[in-house]
Structure formats: C-alpha cells, structure tokens
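Read through the structure below, which is laid out as structure tokens, and then see the notes.
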Amino acid sequence: MCSATGPPAGEPSPDVHFDCDQVAGTPLNTEDTRKFVETVWDDEIVPALKDYIRIPNKSPAFDPDWERRGHMADAVEQLRQWAESFPIERARVEVVTLPGRTPTLLVDIEGDAPGNILWYGHYDKQPEFTGWDEGLAPWTPVIRNGRLYGRGGADDGYAMFGSLTAIAAAQRQGIPHARSIVLIEGCEESGSFDLPLYMEALSDRIGTPDLVICLDAECGDYDRLWATTSLRGMLSGTLTVSVLSEGVHSGAAGGIVPSSFRLLRHVIGRVEDSSTGTIPELEVEVPADVHRQAEQVARTLGAGVVERFPWTAASRPDSALADLVATNTWGPSLGVVGLGGAPGISDAGNTLRPFTSAKLVFRLPPSLDAESASQRIKALLENDPPPGAEVRFELDPAHTGWHAPPTAAWLRESVDNASRDFFGQPALTMGTGGTIPFMKMLGDRYPDVQFVVTGVLGPGSNAHGPNEFLDIATGKRVTACMARILADHASR
C-alpha cells in the first residue's frame, strides 16, 4: 500500500501526495461486500431512514419559514449524528451553515490512494402532495413488500447513508481508496440556490475532484445499475392573466368580460401546441448517440417505458417507445403544476373570476441555455396581451441541463462490472427527464471530472408525488456497486 503525506490530522486536505505513482489494486470481495452492505442497511440504514422520513423538512421554496420551524436543522442533525457514530476510518464530520442558508453536511474522509472523489446528495424534501394510499402518508414510514414508503427516503435521504457504507465496505477489506468528500445539501428541491455559495466558501476544502458520484438520479428498472448520461434543464414561473379588479356576476358580465381562464389557455398556446404538447421554441437537434441510447433503453424496458406510470385511461401514447424515451430526455415539455385564483368546486359560485394564475414548469433539452430560453418564453407569453387582459409571467431562477462528458474506459468497465457483480446484469446508460442543478454547476467548475450519476428512483417509486418509496434491495445493490467503483478508482 502507498503511504500518503499531507497536512496534519484534523486540517483540510484537498491535496494529498503519495510516495508512489499508482496504488496497486486490491480486488473487492463481492460476497463480503454484499453481506456487509445488507447488514448495515437492515440494522442501521433502514431504521435511520424511518426517523428521517418522519421529519417534514420541506425545501425552502415550499416552506419560506423553514428556519424558524427547525425541521431542516433536525434533519441535518440526525444525519450528522449517524455519520459521527458510523464506524468509518479517518472521517471528519461537520455541519457548515452560512447565514440565512440551509445547512450543508460535509464528511471529509482521508484517503490512502491518489485522487479526490466528491459524493453528492441532498436532504431537503418535496411537499406532501395528495392521493396517498390508505395506510400511507408522506411523514409516516411504512415498509410493504420490501419497499420503504414516505417522502424523501429515495429522493434522496439514503444518499449519505449509502455513500458512507460504500466507503466503509472498502475500508473493512483493507482496500485503498481516494480521499472522499461527502456533501449533502439542503436546497436541491428548490433549485440548489444555496449551493454556489457553499461551493465557493468550501472550495479550498473540496479541492479539485476527479470523480463525482451522485445518488439522486433514476433507474430504468430494478434489475441492473443505471448510469445517467444527461439531465434536462428547467425554467419555471407563475403566469397570471387578469381581467378585473374583483369578481363579478357571470351572467351580468358574460359576453362582455372575457374569461381569464380562456385567455390563459390562449396565451399558453403561443408556446405549446395543445393537441401535441410540442414546444417548437425550445427544441434542439437531438444527437445521434441519444437516439441509439434510447433504442437500447426501449428494447430493454419494453412496455415498461409507458407502464411505469399510473394511467387512468385504457389508451396509451402511440409513439414508438424509443421516440418517447428520446423526447423524455432531450425534448422540451411543459407541466402546469399549480393553479391559483379559483375556489374549490364546493365553494364555486356563479362568479366571473378576476384572474387565473398557473405555475408553469418547462423541462428543457440538456444543451439548451436556460437563461436565454427564459427570456424568449417570457416575451412570447407577455407581449401583445389579449384585448382587455393584463399578462405577467414571473420567472423563477432557471437551470441549464447537463450532458456527461465521455466516460473514461476504466470507469465504463467498472460500472458494468459492478452491475454484473451485484445485480447479475450488465449496466445500462440513459438520459433522465429530471433536473439536478448541481451536475451542471460541477461540470462547469471542473471540466475534467468524471461522473457516476445513478439512483434508486425506478418504476412506481413516484418521487415528488404520492406513495413515494425506496426499493430497499435496490438501495443495497447500488451501495455495493459504489464500493466496487471506489476500489476500481484507486487502481485505475
């Protein structure tokens, strides 16, 4: 084993120097790793995740009073205590809090092999949502058929536990590993607006990573390890169409005063074709390799591409499965995720409402610049308002998507071997329709870094919606796979 030299114990050590050029690889014992990971998950991680799910630590965008409520502080303190008590060698655990910002958990693990790995996750959560099945609730952990239900377990409270367990699995076998920083933020579900400040404040501590491991992504199924190659960007905002200063009798005004809802639909139609859902203004040319990847994903998942969602109608999209995959990962889409200005149906009188508001969320192709797209969409919605109406589109911060750089040969082989070892199937790659702002931020900051972006959000797991669950067996296998990649990184 190589010996390392660096700053004294307890001091930041982003740059460690080794007495040899390369650490000799020590094979990770697959069976020993599997048994260790399963034991830690069963005895320690699952009980800790149950406690974590009980904390309603909604992300700042959904709870502006988060600091006074204290749920965020409770959640990060739970993670800190677990990390400090977990038997991992050479680890320094710290909660870093900038004024008025969500706390960030930092676990700095000294390495004995070249390199610098940044492990990423988040501990803030989406709001409750409605429609949970009987016996299930967002802040009540329930295990059914090997799945842990509750908000935030899979998205992505397990990330810190899985990361530290993977590192400990290598350590207990005496396998060298690189210095690791485990960074768990508290603002991801709000767009990570706190994170750039922490990255700047902690830049000397973090150093320059050569590998990023992110456990906040999706998996196409629960049968293999999935590596994410792209993430869509996002722009969002609140569109309001106003026609009156107060509500008026619909019979007296109908035919003279237009419906604010009709005009809102008309304005949205400027950017989205209501019959097809296409958004020409936000489309880009899709690379050929994306189509090839989509075809492979479609062949592997088959009807699961569509059936993973809880449809109510008997009919299904009639497009080719590969086209649906490519559109989901590299095409733009619009979701109207909230409505304002209307009473509930039981309270709806015959009154013409003064305004209608809609929260719009556009998912953007990974290569599209989100800031310029935001301004184009704002102009299309606001310019030349319909007669008698006032139109405002209040933008939220926009996030450009991310496309992974070419994967190094050693990493591509490691990911595949890890999947074969612990899932019994070769790994697959896919783009993801969601957004993780940190990946674009890291890619810009560290242009030479390699990425492993994966996760446990598979069919039915329903992050952000009702009945969110974490498939425990998948969590164990993903954790073991990360231990394999960690060992391979040291001997690459």
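Each reported figure results from applying straightforward, stated rules to the coordinates on display, with no laboratory input. Given the structure is predicted, the values throughout are model-derived calculations rather than measurements. All Cβ positions, glycine included, derive from the backbone under ideal geometry; neighbour counts span all protein chains shown.
Rg over Rh for the stretch 299-415 works out to 1.09, both radii taken from alpha-carbon positions and Rh defined as the Kirkwood radius. Normalised radius of gyration (Cα atoms, divided by 2.2 N^0.38 Å) for the stretch 375-445: 1.90.
Going highest first, how would you order 316-324, 408-416 by mean Cβ packing within 10 Å? Walk me through the intermediate numbers first.
Working: 316-324: 14.0, 408-416: 16.4.
Per-residue mean Cβ counts within 10 Å order the peptides as 408-416, 316-324.
Over the stretch 149-298, what relative contact order in percent results from Cα pairs under 8 Å that are six or more residues apart? Provide the component values of the computation, followed by the final result.
Numbers: 45 pairs, mean separation 18.9, N = 150.
Relative contact order here is 13 percent.
How big is the dipole moment of the chain about its Cα centre under a simple scheme where the beta carbon of each Lys and Arg is +1, that of each Asp and Glu is -1, and everything else is neutral? Debye, nearest 20, please.
Working: 41 positive and 66 negative charges, 180 e Å.
Here the chain has a charge dipole of around 860 debye.
Centroid-to-centroid, using Cα positions, the stretch 193-208 and the stretch 213-227 are 26 Å apart. Farthest toward the positive end of the dipole of the chain, out of Thr104, Phe422, Ala252, is the Cα of Ala252, where the dipole comes from beta carbon charges about the Cα centre. Scanning residues 5 or more positions from Asp216 or on other chains, those with amide H under 5 Å from its amide H are Thr454, with H placed 1.01 Å from N in the peptide plane.
Sorting the Cα pairs of the chain by distance into bins of 10 Å, from 0 upward, gives 4, 18, 28, 26, 14, 6, 3, 1, 0 percent per bin.
Listed by chain and number, the lysines whose C-alpha is less than 28 Å from the C-alpha of Lys440, apart from same-chain residues fewer than 8 away, are Lys58, Lys125, Lys359, Lys378, Lys476.
Kirkwood radius for the stretch 428-475, taken over all pairs of different Cα atoms as the inverse mean of 1/r, rounds to 13.0 Å. For the chain, the longest principal axis of the C-alpha atoms and the axis of helix 158-172 are separated by about 10°.
Can you tell me how the stretch 190-282 classifies by the Cα gyration tensor, rounded, prolate or oblate, using a/c under 1.5 as the rounded cut? Prolate shape, in that a/c is at least 1.5 and a/b is the bigger ratio. With Cα atoms defining each centre, the stretch 418-492 and the stretch 143-175 are spaced 12 Å apart in the structure.
Per-residue ellipticity at 222 nm for the chain, helices alone: DSSP H runs ≥ 4 residues times -39500 (n - 2.57), over residue total, nearest 500 deg cm²/dmol?
-9500 deg cm²/dmol
Which net charge results when you count Lys and Arg as +1 and Asp and Glu as -1 among the other residues whose beta-carbon is under 15 Å from that of Phe36?
Values: positive: Arg34, Lys35, Arg172, Lys476, Arg477, Arg484; negative: Glu31, Asp32, Glu38, Asp42, Asp43, Glu44, Glu89, Asp421.
Value of the local net charge: -2.
Quick one: check the C-alpha center-to-center distance for the stretch 54-90 versus the stretch 344-363, whole angstrom. Result: 35 Å between the Cα centres.
Based on the Cα gyration tensor of the stretch 92-175, what are the three equivalent ellipsoid semi-axes, each the root of five times an eigenvalue, rounded to whole Å and given largest first? Intermediate results must be reported in sequence, preceding the final value.
Numbers: eigenvalues 194, 77, 14 Å².
Semi-axis lengths for the stretch 92-175 are 31, 20, 8 Å.
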